[in-house]
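The numbers here are math on the coordinates, done by the rules we state, and not lab data. In this text, all values refer to a predicted model and were calculated from it rather than measured experimentally. Note that we place each Cβ from the backbone using ideal geometry, even for glycine, and neighbour counts take in every protein chain shown.
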Amino acid sequence: MDRAYSVLTIKSIDPATRRIRGIATTPETDRSGDVLESLGARFAPEIPLLLHHNKQTPVGVARLQRPTAAGIEFEAELPIIDEPGAVKDEVDRAWTSILHKLIRGVSIGFKPAREAVEVLKSGGLRVKAFEIFELSLVTIPAHQSATLAVVKSLDQAASGLTPPGVSGLATKPRPHMGKQTPGEHIQNLENKRAALAARMTEIMEAGAAEGKTLEADAATEHDGLADQVKSVDADLQRWRDHERLAIATAAPVPATPNMVKPFNRVSVTPNVPLGTAFIRKACALLVCQGNKHEAAEYAKRWDDSTPEVALSLKAAVAPGTTTDATWAQPLVNQTMVNDFIELLRPATVLGKIPGLREVPFNCKVPMQTAGGAYGWVGEAKPKPLTKLAFSSDTLGVTKVAGIIVLTEELVRLSNPSAEALVRKDMVAGIAQFLDQQFLDPAVAAVAGINPASITNGAPTAAATASPLADIMGLINHFATNNIPVDGVTFVLSSANALALSFRSNLDGSPEFPGIGITGGNYRGLTFITSNVAGTNVVALQPAYILYADEGGVTIDASREASLQMDSAPMSPADATTVYVSLFQNNLVALRAERFSNWKRVNANAVKYLTAAAWPAPSGAVQVDESGRAKRAS
């Protein structure tokens with residue numbers, strides 16, 4: 001059974017009937033970061049009243065009142081027992097301790113509901129629903145009446161139980177993998193000190209109640225306890241110094257295949273392909289012709305795997321908050337949008353290039369355009385003046401859009417194969433458009449509409465039959481223009497990447513190890529494949545390319561529109577423009593939009609090769625009579 005502790009607030013005491021009324025205040029967030037929400041408590045009309053959670057010696061009964069956000073009131077009754085014996089002594093002892101304020105804490109024994117335990121970012125636990133089985137009286141010194149950690153340690157010292165591992169949520173000792181940590185040593189010493197201090201306080205208050213000085217035995221015990229406290233304090237200081245040293249010199253633990261990774265939050269992810277929830281929402285809206293109420297009902301068929309679809313389509317019927325777990329909180333989590341973005345970005349060149357300089361929209365970005373001039377200066381000679389040159393640039397708001405047309409029958413299907421087809425179409429269409437706009441040298445900037453491609457106006461060179469010479473030529477371009485070579489990325493077609501993977505040295509070893517049809521890495525250089533590159537091979541320094549992205553996708557649907565079924569629609573339209581009616585042809589259109597922009601901020605940050613068609617080796621490697629390697633024709 002788990003426990004939670006609180007400082008006892010007594011509202012009234014009736015000595016005649018031995019009844020007390022008080023408030024077990026809502027347990028605060030303790031040093032372990034655990035919280036119990038009192039509104040989630042359930043309990044029987046009467047529960048046992050124990051002393052230090054000792055089930056063998058109950059001292060009364062307790063009745064808890066209706067929980068409130070401020071805490072739970074209770075009324076406890078300790079019976080008046082006339083028969084002499086252990087039970088009378090235990091109950092009388094508990095009652096006397098309450099009257100003389102020797103007991104200043106209360107604790108509940110509870111069992112949390114599994115589905116109602118949330119792991120907080122701090123590592124602690126938030127228990128939102130639990131059942132209370134008993135209420136216990138626990139000891140705490142008067143001068144430390146607000147320290148919950150001391151309440152716990154005294155209770156464990158009195159009951160003989162080991163300290164709970166996390167804020168009273170485990171009464172059994174945790175298994176240790178090897179020796180204890182400094183933090184665990186410190187916790188044990190603090191518990192020991194609290195128990196010693198509690199006994200010293202009990203001895204002093206007992207003497208004060210009788211109005212006499214301490215007797216010899218009591219004084220000897222008190223002095224011995226004081227010596228132990230000093231010893232513990234000294235040991236505590238040593239362990240705290242050791243802990244600070246350990247933290248200062250700590251190094252990351254290398255990951256191993258069987259390592260148990262720490263976690264801060266527990267979540268359940270549906271076992272469906274990435275992007276499924278996003279596509280199901282779009283399909284539900286299409287089937288129900290934009291009516292969100294009907295779409296929410298339609299989407300309930302997927303509640304077993306993607307309940308967030310129906311939830312996101314529901315209209316709010318009452319004020320909600322971001323902490324309301326019943327409906328408002330999930331609406332804050334942009335699960336489906338993030339799901340689609342995560343699916344889209346790796347499919348585009350933009351999602352594969354590491355190190356792009358991400359900036360906000362409409363925000364000036366300062367850039368250094370020229371450095372100072374420096375030179376040798378002789379003794380007693382004047383030093384030359386120099387200056388730096390700076391400029392700034394801004395990425396405006398531009399958007400990328402694509403329309404995908406599907407048949408009504410396909411949209412109404414809810415089987416996984418149909419969803420996969422819709423998802424594949426949306427990702428492929430937007431990915432191809434983004435890649436083409438990013439890499440095509442013919443794409444020039446149009447104010448307020450689209451950015452120029454990173455290759456537009458960039459220096460270029462004709463490719464040769466020697467890939468290594470071409471790659472070194474591109475690298476030398478960056479070095480000559482004082483552009484860092486570290487992090488340079490190449491974008492090329494799958495065919496050229498495959499040709500590199502086939503090339504071998506005379507000894508048969510790969511000439512470009514680490515590169516395959518999907519790209520890879522070669523001597524610290526990153527190679528990314530995109531068929532949009534065609535016969536161009538683009539080399540770029542990502543640190544000199546600004547990139548702004550909204551991070552979300554907006555999707556709209558229509559059945560009534562008429563569209564130009566063309567990847568390059570005529571604008572403006574004229575009399576020859578051909579339109580197709582979606583309604584007449586039983587078609588639906590999905591329009592996806594994403595706000596994105598980029599800019600090459602240094603003229604030499606990109607250089608590309610044209611007409612690159614690197615040949616694969618024409619023959620296998622053979623060895624002649626002298627033992628020398630040669631390539632067969």
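Here V485 and K300 are evaluated by their C-beta separation; at R0 = 51 Å the FRET efficiency comes out at 0.35.
Pairs of Cα atoms under 8 Å, at least six residues apart: use those to get the relative contact order of region 399-610, whole percent. Provide the component values of the computation, followed by the final result.
On the way: 365 pairs, mean separation 63.0, N = 212.
Answer for region 399-610 is 30 percent.
Ranked by the mean number of other Cβ atoms within 10 Å of their residues, highest first, the peptides 424-436, 286-298, 560-572 fall in the order 424-436, 286-298, 560-572.
Once you have the Cα-Cα distance between L468 and L506, take 0.36 nm times their residue separation minus that, and quote the gain in nm to one decimal.
On the way: separation 38, 0.36 × 38 = 13.68 nm, distance 1.49 nm.
This chain segment gains 12.2 nm when fully extended.
Close amide-amide hydrogen proximity is noted between G396 and N362, each under 5 Å apart and 5 or more residues distant or on a separate chain (H modeled in the peptide plane; Pro and chain starts excluded).
Here each label is just a point 7 Å from Cα along the line to Cβ, and for V397 and L99 those points are 7.5 nm apart.
Tell me, what is the percent relative contact order of region 187-243, built from C-alpha pairs under 8 Å that lie six or more residues apart? Mind dumping the intermediate values first?
Values: 21 pairs, mean separation 29.6, N = 57.
52 percent.
The ranking of D92, D507 from fewest to most other beta carbons within 10 Å of each one's beta carbon is D507, D92.
Neighbour counting of Cβ atoms within 10 Å sorts the residues L500, L540, L236, fewest neighbours leading, into L236, L500, L540. Only alpha carbons enter this Debye calculation for region 486-607, each as an equal point scatterer, and the log10 of I(q)/I(0) it gives at q = 0.09, 0.10, 0.21 Å⁻¹ is -0.49, -0.58, -1.14.
May I ask you to derive the relative contact order of region 458-537, considering only C-alpha pairs under 8 Å and at least 6 residues apart, and to give it as an integer percent? Walk me through the numbers on the way to the answer.
Values: 103 pairs, mean separation 23.7, N = 80.
Once divided by the residue count of region 458-537, the mean separation gives 30 percent.
Listing V59, V119 from fewest to most neighbouring C-beta atoms within 10 Å gives V119, V59. Stretched out straight at 0.36 nm per residue, the stretch from A129 to E358 would grow longer than its current Cα-Cα span by 78.1 nm.
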